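See structure below.
The values are calculated or read from the model by the stated rules, or taken from the named source; none is laboratory data. These figures come from a predicted structure and were not determined experimentally. No Cβ is skipped: glycine too gets one built from the backbone with ideal geometry, and neighbour counts run over all protein chains shown.
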């Protein structure tokens, strides 16, 4: 099993970030996965309240996720957790996930050589897409508020 981790700062209130991520996925948005930008998959997210072990003082909302790409090349199924944390004026968006390389021992060898780097690039791109969506939605909310005020 291979573990992935990434984080990004997003300029959005902590309390709204998880809801915006859920909104993105409820809309059926696809995300690029794998080594080729033409491969896209839908990421199913469920909201689950968990106790975050890195912060023993409070319970945080989180999104569990699982994605599977339907493509001509064998890509692993990844599952994990998306959490958020207040981080000064920003909110830190964190993603932790795991996958089992497909194709048994040959897939494990491929993963050790280059597959894990491809997966890390995919996770980084995924968080960049989330951050961009959240910040664009936040700007729209601000503009809408300014025009109605």
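Tabulated data for the structure shown
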{"item": "Test result for residue 109, modelled with pLDDT under 90 and farther than 12 Å from residue 2 by Cβ", "result": "no"}
{"item": "Residue match in segment 105-113 (condition: in contact (Cβ under 8 Å) with a residue 40 or more places away in the chain and in contact with a helix residue (DSSP H, G or I) (Cβ under 9 Å, 6 or more places away or on another chain))", "result": "yes"}
{"item": "Pairs with Cβ under 8 Å, 6+ apart, first in segment 131-149 and surrounded by fewer than 12 Cβ atoms within 10 Å (Cβ to Cβ), second not in a helix (DSSP H, G or I)", "result": "none"}
{"item": "All positions within segment 79-104 that are without any contact (Cβ under 8 Å) to a residue 40 or more places away in the chain and under 13 Å from residue 61 (Cα atoms)", "result": "81, 83"}
{"item": "Checking residue 53 against (1) at pLDDT below 70; (2) in contact with a strand residue (DSSP E or B) (Cβ under 9 Å, 6 or more places away or on another chain); (3) on the phi < 0 side of the Ramachandran plot, the condition it does not meet", "result": "(2)"}
